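Trainee: Just dropping this structure here.
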Amino acid sequence: MNREQLMSVLIAPHVTEKTSLAMQNHNQYTFRVRRDATKTDIKQAVELMFAVKVSAVQVVNEPGKTRRFGKTVGRTQDWKKAYVSLAEGQTIDYESSAKL
């Protein structure tokens, strides 16, 4: 993938109580990613955007949920989540990388 395509792979950081614990205990960061992204694409995108060394990537396909809109039954979109493990001593600082 070229640089412009890699910049669009990561959608947003996914921060919950579970991911905060993984960040503290296992140096593992979580991102919402495009549904067509592969592990290699995600690894290259994180290394490009945050200038860190990625040791592993795990991907989870999250199914959409059924929601009601009045009488109409609808469904939210499916989405993909990536758990990115960084090499020893590497960290991601979201505040400083937001200026990129």
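The values are calculated or read from the model by the stated rules, or taken from the named source; none is laboratory data. The structure presented is a predicted model; accordingly, all values stated were derived computationally and were not measured. Because the Cβ atoms are built from the backbone with ideal geometry, glycine has one as well, and the counts that use them run over all protein chains shown. Note: accessible area is taken over every heavy atom of the protein model, side chains too, but ligands, DNA and RNA are not part of it. Shrake-Rupley method; radii C 1.70, N 1.55, O 1.52, S 1.80 Å.
Trainee: Can you divide the C-alpha Rg of the range 25-84 by 2.2 N^0.38 Å and report the result to two decimal places?
Mentor: Here the answer is 1.45, to two decimals.
Trainee: By its C-alpha gyration tensor, with a ≥ b ≥ c as the square roots of the eigenvalues, how is the range 55-94 shaped: rounded for a/c under 1.5, else prolate for a/b larger than b/c, else oblate? Walk me through the numbers before you get to the answer.
Mentor: Values: a/c = 8.32, a/b = 3.25, b/c = 2.56.
Because a/c hits 1.5 or more and a/b exceeds b/c, the range 55-94 counts as prolate.
Trainee: Further question on the same structure: For the range 40-100, what is the relative contact order in percent, using Cα pairs closer than 8 Å and at least 6 residues apart in sequence? Before the final figure, lay out each step's value.
Mentor: Details: 75 pairs, mean separation 22.2, N = 61.
Over the range 40-100, the number comes to 36 percent.
Trainee: Per-residue ellipticity at 222 nm for the chain, helices alone: DSSP H runs ≥ 4 residues times -39500 (n - 2.57), over residue total, nearest 500 deg cm²/dmol? Write down the numbers at each step before the final one.
Mentor: On the way: 4 runs with 31 residues, N = 100.
Taking each H run of at least 4 residues, the total per residue is -8000 deg cm²/dmol.
Trainee: Leaving out ligands and nucleic acids, note down the accessible area per residue over the range 1-99 with a 1.4 angstrom probe, in whole Å².
Mentor: On the way: 6700 Å² over 99 residues.
Accessible surface, normalised per residue, equals 68 Å².
Trainee: Which value in nm describes the separation of the simple spin-label points at Val15 and Arg35, placed 7 Å from the Cα toward the beta carbon?
Mentor: 2.7 nm
Trainee: For the chain, find the longest principal axis of its Cα atoms and tell me its angle to the long axis of helix 39-50, 0 to 90°, nearest 10.
Mentor: 60 degrees
Trainee: Shifting gears a bit: Roughly speaking, to the nearest percent, how much of the chain's 1.4 Å accessible area is carbon and sulfur?
Mentor: Of all accessible area on the chain, carbon and sulfur atoms account for 50 percent.
Trainee: Here are several values of Kirkwood radius over Cα pairs in Å: [x] 14.6; [y] 17.6; [z] 13.6. Which one was derived from the coordinates shown?
Mentor: Only one option fits the structure, namely [x].
Trainee: Whose amide H sits under 5 Å from the amide H of Leu86, counting only residues 5 or more places off or on another chain, with H placed in the peptide plane?
Mentor: So Leu86 has HN proximity to Tyr29, Ser55.
Trainee: Taking the 0 to 90 degree range and rounding to the nearest ten, how far is the long axis of helix 17-26 tilted relative to the main principal axis of the chain, both from C-alpha atoms?
Mentor: The answer is roughly 20 degrees.
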